Structures are given as C-alpha cells and as structure tokens.
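Trainee: Here it is, the structure in full.
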Amino acid sequence: MSESPAPNLAPLAGVRVVDLTAIVMGPLATQLLADLGADVIKIEPPEGDILRKAGAPPGSDRGPLFVHLNRNKRSVVLDLKSPDGRAALLRLAADADLFVHSMRPQAMARLGLGYEALSALNPGLIYAGLFGFGQRGPYAEQGAFDDLIQAISGLADLLGRTSGGQPRYVPANLADRTVGLYAFGLMSAALYQRERTGTGCELGIPMFETLASLLFGDHLFGETFKPASAPIGYPRLMVRDRGPFPTRDGHICCMIYTDAQWRSFLKVVGRDPDLSRDTRLTDMTARTIHSDALFEMVGAITREHSTAHWVATLREAGLTAVAMRSLEELCDDPHLQATGFFQDTTCPDGERLRLFGPVGDWSNWRPALRRAPPHLGEHTRSVLDQGGWD
C-alpha cells in the first residue's frame, strides 16, 4: 500500500486481498474493497461458491446474486484439503495485506489456516473472520445463515409483532448485508491502523452481535435506564399500521416528525396547527406514546386524495413526500438513470449483464467496473503462474 495515494489513484490501489468467503456477507465486504481498487483474489473450491448456481441461466456459472457480489475480483480454484491447494494459498497469504474468511475459526484451525499460522508467515497480515457468533460466548462454534440470525436476534419477532401475524423474515439478506457493510468498515480501519503502526491484527466480526446492536439501538428504549423507564421497543416503530400511508390510488410516504412538520401538515390539510390543542401532539414525548393513533389519523386523511395530489401538496408545504415505488418501477427510475446507477455491460465472453456500481462521489477519482464478475477459476493459472498479483 502506498503511504499517500496520488490524485486519481483508486483509494485502495495496491492493497492485496485473499478472499476465502462465500455466499453474501463476506463477498459483499470484499466487493466493496475491490470497488475501491484492491486486488481481490476470490478463492473457491472446485465446485465454486454456492451462489454461482442460484438463479443462473442454463449453462452459466454466474447467477444474479453472485454477479452483484463479485465484480472487480479474480477467481482462483483451490482444493484446500489437498497439500498443493493449501501450499498455494499460503503463498498468496504470505504477500497479502488482508486475508478474509467466512468459516468458523475452528474449521480454519483444522486446515492449518488459523491466525497464528498465517501471522507467523506474514506478521503484517490483517486476518479477518466473518462468522455467526463472537468467540467468547457459548454460541461460538455454531454455524449461521441470514435467516437464523434474523430469528435469534429478535428481528423476526419484531416483524411478527408489528404485522399482527406470525414472525417473519425481512425479504432481503439483511443480516448478511448489514454485517458485510460493517466488516468493510472494520477492515478499512485495520488497514489504516497498520499504515500507522506497521503491525497486522486479527479481526473477528460476528453476525449475531452486530445485528443485535443495530436492533437494540432503536429498541432497548426504556430498558436503557436502570430502573427501566419504559418497556423494550421504540413505540413509533412498533405501530402495527406503520408504513406508507394509503391514498386514493396508491401509497405515499411523508415524514411528519418534528413540531414544525406537524404544524405544516395540519395546516395544509385544514386542521388546527396549534399542537397544544391536541394532547397527542403536544411534544415529541406525547407523539411517541400515541404513535399508533397518529398513524391511523394521517392514514384516514391521505385516503381522501390521489398520490399525485399529496406529493405536490405536501412538497409545496415544505414537507418531504414521495410516492411508494416497486422494484420494477425503480428499474426505470429517472433519478437512477441520471446518476448512472445501472450500468449495462458486455462481458469478454459476450454475455450481457445489467450491473450497478458502488455508490458515492469522489472529487479526485471515479469508481469503475474493472473486471466483470469472474467465471469459476477464470484466473487460477494467471494468478498462480505469475506470483499471484497484478
């Protein structure tokens, strides 16, 4: 890694990453590193990352989830249970800045690929493990997947409570993606620390504790204090009817939160804007307690007119309002089109893909698709024959 990247040089140019992760959490974290210029070598078993086949067209080894988690990487196939495969991985790790895995630490130790073994080989190595549970507790050796973490963290229960039905999972790999983003931040901080100290370290990044901290940030609520001032659960987020407000022809989202926002809303809908006249609206404390009644009140009002009417009317009153959109509608969203969110590309093998790149604007650098998501083992020979790196 260079000490002071030159203007227009990718922020992580020169960073070398051995990526022994699979499925969603780890690959998202390492894709973000690759997007910022790191050379990420994705190590795969002979059968490949399991997500390669999920939703893949006939004859393809790149399914849609795999595509959107592995751009800008190179793929190397190694059988780590064989002496030759393990020896090749050790050669790569000896010259790496980051070594990232998503296996249980006990399994890595059995393979002879634990932190002690690799740090002895490369004292400056940052060794990051992304796994289900922190290693100081009784769940340490349990495996984990997104659904399991949504269930054990309390998230599935929250969804059941607020929907009035059975516990449910979020229809997204929320735990994997949340922890992947967090892991990216920690690994970036570890790289910065090593630049200052010259020493590597071991990072343990658990799914359970990370998602639990996210949920308790909102919902520990009254249990934050001793003795407790109120039950667990932020009332505003626990309202059964919390969601986009129904209109005559669709749904709308409008943020009505502060005193000023409530006064503006009440005025524009022809109600008394004096908050002191309604004890439910007097201040933030009162509004939090009566969140369920207020959601019901606003929903009854918005049903009276169309979505277009409310977007125009509320924005004119200085309130932020948007129409609810579907994912299908977002594919043609004018804002996403204007910002270049989607990028249609033709891969070297002729396959056409619709990709989306990293989000964020830099004044001195522009992220780009340097490499299409790799085919299985596409770079094995070039990496191993040429010492492993560009």
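The values are calculated or read from the model by the stated rules, or taken from the named source; none is laboratory data. Because the structure is predicted, anything quoted here is derived from the model rather than measured. Reconstructed Cβ throughout: ideal geometry from the backbone, glycine too, with neighbour counts over all protein chains shown.
Trainee: Every residue in the stretch 332-390 that is farther than 20 Å from Ala29 by Cα, touching a Pro at 6+ places or on another chain (Cβ under 8 Å) and surrounded by fewer than 12 Cβ atoms within 10 Å (Cβ to Cβ), please.
Mentor: Passing the criteria: only Asn364.
Trainee: Checking Glu328 against (1) under 28 Å from Gly250 (Cβ atoms); (2) in contact (Cβ under 8 Å) with a residue 40 or more places away in the chain, only one condition comes out false. Which one?
Mentor: Glu328 satisfies all of (1) under 28 Å from Gly250 (Cβ atoms); (2) in contact (Cβ under 8 Å) with a residue 40 or more places away in the chain except (2).
Trainee: Could you list, ordered by first residue, the pairs with Cβ atoms under 8 Å in which the first is in the stretch 368-390 and farther than 20 Å from Val67 by Cβ and the second is part of a loop (DSSP other than H, G, I, E, B) and at pLDDT 90 or above, at least 6 apart or interchain?
Mentor: These pairs meet every condition: Gly387/Asp95; Gly388/Asp95; Trp389/Asp95.
Trainee: Here's something else I'd like to know. Taking the stretch 78-101 only, how many residues are buried (at least 22 other Cβ atoms within 10 Å of the Cβ) and acidic (Asp, Glu)?
Mentor: The qualifying residues number 1.
Conditions tested, residue by residue: (1) farther than 16 Å from Val383 by Cβ; (2) in contact with a helix residue (DSSP H, G or I) (Cβ under 7 Å, 6 or more places away or on another chain).
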| site | (1), (2) |
| --- | --- |
| Leu12 | yes, yes |
| Val18 | no, yes |
| Ala29 | yes, yes |
| Leu90 | no, yes |
| Arg104 | yes, no |
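Trainee: What's the total number of residues in the stretch 334-371 that are of a type outside the set (S, T, N, Q) and either part of a strand (DSSP E or B) or over 22 Å from the mean Cα position of the chain (by Cα) (or both)?
Mentor: Qualifying residue count for the region: 15.
Trainee: Next question, about the same structure. Can you find a residue in the stretch 182-198 that is surrounded by 13 or more Cβ atoms within 10 Å (Cβ to Cβ) and outside any helix (DSSP H, G or I)?
Mentor: Looking through the stretch 182-198, none of the residues is surrounded by 13 or more Cβ atoms within 10 Å (Cβ to Cβ) and outside any helix (DSSP H, G or I).
Trainee: For the stretch 340-354, check the following and say yes or no: at least one residue is in contact (Cβ under 8 Å) with a residue 24 or more places away in the chain and touching a helix residue (DSSP H, G or I) at 6+ places or on another chain (Cβ under 8 Å).
Mentor: Within the stretch 340-354 (the criterion being in contact (Cβ under 8 Å) with a residue 24 or more places away in the chain and touching a helix residue (DSSP H, G or I) at 6+ places or on another chain (Cβ under 8 Å)), the answer is yes, since at least one residue qualifies.
Trainee: Right, next: For residues that are within 20 Å of Ala109 (Cβ to Cβ) and of a type in the set (Gly, Ala, Ser), scanning just the stretch 14-36, find the one that is nearest to the chain's Cα centre (by Cα).
Mentor: Among those that are within 20 Å of Ala109 (Cβ to Cβ) and of a type in the set (Gly, Ala, Ser), it is Gly26.
Trainee: If you scan the stretch 270-313, which residues turn out to be surrounded by 14 or more Cβ atoms within 10 Å (Cβ to Cβ) and of a type in the set (Ser, Thr, Tyr)?
Mentor: Those that are surrounded by 14 or more Cβ atoms within 10 Å (Cβ to Cβ) and of a type in the set (Ser, Thr, Tyr): Thr282, Thr288, Ser291, Thr302, Ser306, Thr307, Thr313.
Trainee: I've got another one for you. Could you tell me which of the residues Thr282, Thr313, Thr288 is in contact with a strand residue (DSSP E or B) (Cβ under 9 Å, 6 or more places away or on another chain) and either in contact (Cβ under 8 Å) with a residue 12 or more places away in the chain or outside any helix (DSSP H, G or I) (or both)?
Mentor: Thr313
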